């Protein structure tokens with residue numbers, strides 16, 4: 001028996017395959033099926049992904065094959081996976097952000113800022129917490145979404161250990177001592193030392209739920225603490241949460257600068273604005289004489305900022321007081337003049353952006 005399956009029928013079937021990380025949008029709409037060829041009982045489908053290392057690659061291949069084989073008995077389906085070029089990736093990212101929940105249905109968030117680093121250990125989470133606390137001191141309504149699922153540290157810094165309460169439409173974030181709204185996977189675990197051993201798709205979905213299923217209420221700023229690096233979790237945030245800008249964090253070593261430049265170039269590919277670069281642990285101050293010592297050598301941050309064409313926001317010291325306050329859950333008590341200047345620049349950037357728009 002001869003099968004008569006048309007290309008349009010295949011595309012129609014693939015139009016029913018929803019992207020698992022971008023709610024309510026299918027693969028055809030997202031431009032992920034650039035080519036379909038039908039030759040008798042053989043169907044060839046090209047599946048284009050933003051990255052060949054995407055954790056959901058196998059899941060999507062299976063979904064595509066099942067959708068097409070379901071059209072008729074005896075079909076042979078071959079799925080070739082390719083990586084999007086820069087134009088396709090940028091188009092996909094833009095469409096994905098527009099297709100996602102641009103406004104949180106459970107609240108109103110004015111500005112969403114991500115704090116990102118290329119590698120771990122540079123103090124990204126502490127900078128995220130410090131920025132949130134500085135904004136809160138200026139009487140802004142602030143929240144922190146801890147997207148570092150496998151290494152959450154925000155709750156401990158803010159002394160938050162209570163379990164979030166469930167509402168009729170979602171989960172209420174936990175309030176810090178000064179009123180910063182917090183959501184982290186560690187707040188949902190019965191034991192804070194319990195590891196989160198999840199693969200990429202589960203981590204991505206948890207981050208999306210933190211955005212869309214948390215009753216954030218009205219916020220002036222939502223700070224998203226990204227995991228280090230440029231893997232699936234960071235990609236999920238950039239493609240599914242409408243970010244207004246990214247603050248990059250590095251340390252003085254050129255190695256850290258090299259890795260943060262990778263993160264910056266990832267953000268540029270996805271057309272996410274860069275607010276600027278913060279160098280953390282730039283120096284230590286002698287408590288007796290006040291002399292500054294470059295513990296990790298000469299700063300490489302200015303050269304990194306020039307290479308990625310983004311402003312240098314400031315240099316934060318390696319401060320034992322901050323370490324003590326974070327361990328005690330009182331990061332909101334920390335004060336630093338350079339932190340205030342960095343916060344001024346972030347607010348200035350947001351204000352200028354709103355004027356342009």
Legend entry - Residues of region 5-25 that turn out to be buried (at least 19 other Cβ atoms within 10 Å of the Cβ) and in a helix (DSSP H, G or I), as a count: 3
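Taking helices (runs of 4 or more DSSP H) that do not extend beyond region 295-357, which have at least 3 residues that are over 16 Å from residue 136 (Cα atoms) and touching a helix residue (DSSP H, G or I) at 6+ places or on another chain (Cβ under 9 Å)? Give the steps one after another, and end with the answer.
Values: elements: 301-307, 320-328, 337-356.
In region 295-357, the matching helices (runs of 4 or more DSSP H) lie at 301-307, 320-328.
Taking the conditions exactly as written (under 19 Å from residue 114 (Cα atoms) and part of a loop (DSSP other than H, G, I, E, B)), does residue 144 satisfy them or not? Before you say what the answer is, go through the steps one by one.
Values: under 19 Å from residue 114 (Cα atoms): yes; part of a loop (DSSP other than H, G, I, E, B): no.
Criteria not met by residue 144.
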Inset, instruction - Would you mention how many residues in region 26-83 are surrounded by 18 or more Cβ atoms within 10 Å (Cβ to Cβ), in contact with a strand residue (DSSP E or B) (Cβ under 7 Å, 6 or more places away or on another chain) and part of a loop (DSSP other than H, G, I, E, B)? - result: 3
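What residue, of 306, 298, 292, 345, is under 22 Å from the mean Cα position of the chain (by Cα) and either within 26 Å of residue 111 (Cβ to Cβ) or in the same structural domain as residue 127 (by TED's automatic domain parsing) (or both)? Walk me through it before giving the result.
Numbers: 306 fails: under 22 Å from the mean Cα position of the chain (by Cα); 298 fails: under 22 Å from the mean Cα position of the chain (by Cα); 292 fails: under 22 Å from the mean Cα position of the chain (by Cα).
Going through 306, 298, 292, 345 in turn, the sole match is 345.
The values are calculated or read from the model by the stated rules, or taken from the named source; none is laboratory data. Model, not experiment: these values are computed from the prediction. Here Cβ is always computed from backbone atoms with ideal geometry, including for glycine, and neighbour counts include all displayed protein chains.
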